[in-house]
Amino acid sequence: MRSMTGYGRFRQETDGREMSVEIKTVNHRFLDLNLRVPRGMLFLEDVIRKALAARLSRGHADVFLTYRNSRDDAREVRVDTSLLRAYARAFDLMAAETGLQDDRSLTRLASMPDVLTVAERDDDQDAVTALCVSTLQGALDVLARMRGQEGEALSADLQDRIGRLTAGAEQITLRAPDVVADYRARLNARVEELLAAPPDPQRLAQEVALFADRAAIDEELVRLKSHIGQIQDCLKATEPVGRKLDFLVQELNREVNTIGSKASDLTIAALVVALKTEIEKIREQVQNIE
């Protein structure tokens, strides 16, 4: 089990090319990617998205990529020859107009604005892509370890809460048969009080049978225990189970609500409140599971 919250950073340098990748992830219903790559390296976006989709099933991920090329052939100095000639003509005109000695030099002309410019050479896209894939996988490995550690903590907490759900469900199961018996006793006492005579056994049996049918929670308890068992299986799974857990928690809540509305018993009502509290805490934790 893995959490959707984590951080991974990896840096490496190969053949004069240096790249760093940072990944920050938080919970999200789906896989939502936000990429920040240097200008001129948009060709990497598709590669990055595919690599992330192969390792992450859901969550919001911010990915930051930095790159530096320190190779000898990374830059070139360009000469604007048209501008150079224009400066030379301007020097000639100033000398002719003023009669001053022309003391120009190549160094001085080269120092004139915009004559020389430093430009980045087109990089080898295949080499940059290979470096990106390798660096990204390193960052994802670091991220996976952190998400795995967080997932272990979440799993331990969920195991504890599932244990409480199981115990509560068993208490309700044990209490359920007594609900009808208690109702029979209360109804019998009430009728005797009103009529000052024993009630008709057949009519009493019919009323108790109707109540028992309305208050029956056997099916809900069976489904509740089944959902709890499925959650326990999810906690042992190696693949992402967050979406399945989302669904199972909704079903847990549905069954517990139905039990509470049908049981008409103070003891069961108190147990239902406790179960709903645990389910809400489980729901909050499940939001962080991949």
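Descriptive notes on the structure:
- Rounded tilt (10° steps) of 201-215 against the dominant C-alpha axis of the chain: 10 degrees
- Protein heavy-atom accessible surface, 1.4 Å probe, per residue over the chain: 59 Å².
- The chain - share of DSSP beta bridges that are antiparallel (%, nearest 5): 80 percent
- Among LYS244, LYS24, LYS50: highest mean-square fluctuation, GNM of the chain, C-alpha pairs under 10 Å: LYS50
- Charge-dipole axis of region 83-183 as Lys and Arg at +1 and Asp and Glu at -1 on Cβ define it, positive-most pick from THR135, GLN159, LEU106: LEU106
- Largest mean-square fluctuation among SER105, SER155, SER70, in a Gaussian network model of the chain whose springs join Cα atoms under 10 Å apart, belongs to SER105.
- Of all accessible heavy-atom area on the chain, the percent that carbon and sulfur account for (1.4 Å): 52 percent
- With a cut-off of 12 Å between beta carbons, the residues surrounding ALA61 carry a summed charge of +2, where Lys and Arg count +1 and Asp and Glu -1.
- Loop-located chymotrypsin sites (Phe, Trp or Tyr not before Pro) in region 5-90, at most 15 other Cβ atoms within 10 Å (DSSP): PHE30
- What you get for region 1-102, charging only the Cβ of Lys and Arg (+1) and of Asp and Glu (-1), is a dipole of about 960 debye around the Cα centre.
- With Cα atoms, 0 to 90° folded angle of helix 242-263 axis to the chain main axis: 20 degrees
- Only one residue of TYR67, MET146, PHE91 has its Cα farthest out toward the positive end of the dipole of region 40-180, where Lys and Arg carry +1 and Asp and Glu -1 on Cβ, and that residue is MET146.
- Listed peptides 32-38, 262-268 by packing density, highest first (mean Cβ within 10 Å): 262-268, 32-38
- The distance linking region 232-262 with region 71-110 is 78 Å (Cα centroid to Cα centroid, whole angstrom).
- Evaluated with a Cβ-only charge set (Lys, Arg +1; Asp, Glu -1), the chain carries a dipole of roughly 300 debye about its Cα centre, given to the nearest 20.
- Between helix 45-55 and the chain there is an angle of about 30 degrees, using the helix long axis and the longest principal axis of the Cα atoms.
The values are calculated or read from the model by the stated rules, or taken from the named source; none is laboratory data. The shown structure was predicted, so the numbers you read here are calculated from the model rather than taken from an experiment. Note that we place each Cβ from the backbone using ideal geometry, even for glycine, and neighbour counts take in every protein chain shown. Each accessible area value is taken on the protein alone, full model and side chains, heavy atoms only, with ligands, DNA and RNA left out. Shrake-Rupley method; radii C 1.70, N 1.55, O 1.52, S 1.80 Å.
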